[in-house]
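Single-structure report; data block below.
The values are calculated or read from the model by the stated rules, or taken from the named source; none is laboratory data. Because the structure is predicted, anything quoted here is derived from the model rather than measured. Glycine also receives a Cβ, built like all others from the backbone with ideal geometry; neighbour counts cover every protein chain displayed. Calculation scope for accessible area: heavy atoms of the full protein, side chains included, ligands and nucleic acids excluded. Shrake-Rupley method; radii C 1.70, N 1.55, O 1.52, S 1.80 Å.
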Amino acid sequence: MKIRPAEEKDIPRLGDLLVQVCRVHWEGRPDLFRDGGRKYSDGELRILLRDPDRPVLVALDETGQVQGYAFCVLQRHQGEGSFQDMTTLYLDDLCVDEACRGRHAGRQLYDAVLALAREKGCYNVTLNVWACNAGAMRFYEGCGLQTQKIGLEVVL
């Protein structure tokens, strides 16, 4: 797999992958997610791809087809109460096409995210995983991530 920054020509494929991610979340939490939904519309993706604080990486197979992505957000924390000043790279979303899994594209994307964070002078990389997504949790734990905080809810 080759990893590179996403380009506008990748938007249709990014849309396909966004639907796959939403399906996983819908299967786990149909009370929160819509079947067939997407996190970003094509228009939102166009804007996002131009934002230097929201880098998006894609994984390409040997034919040049986008097989995965990593959406990131640079978060600069300065003068926030009791917290140290730092820059964090928040991994907003990582997906590998379900037909391409097992070829280490996810690990290559994650490693590219780490390299990007180091290049940007980040202190850490953070992310959130839905409790219903056990596969993602195993993947990230296998990459060496550890629990930073836990979110709880009560449905009324």
Whether any residue in segment 22-43 is within 17 Å of Leu94 (Cβ to Cβ), among the β-branched types (Val, Ile, Thr) and out of contact with any helix residue (DSSP H, G or I) (no Cβ under 7 Å at 6 or more places or on another chain) is what I want to check. yes
Based on what the data block shows, is Ala59 buried (at least 18 other Cβ atoms within 10 Å of the Cβ), of a type outside the set (S, T, N, Q) and in a strand (DSSP E or B)? yes
Hey, can you tell me all the residues within segment 62-73 that are open to solvent by 20 Å² or more (accessible area, probe 1.4 Å) and assigned to a strand (DSSP E or B)? Gln67, Val73
With the condition kept exactly as written, say whether any residue in segment 36-45 is over 14 Å from Asp10 (Cβ atoms) and of a type in the set (A, V, I, L, M). no
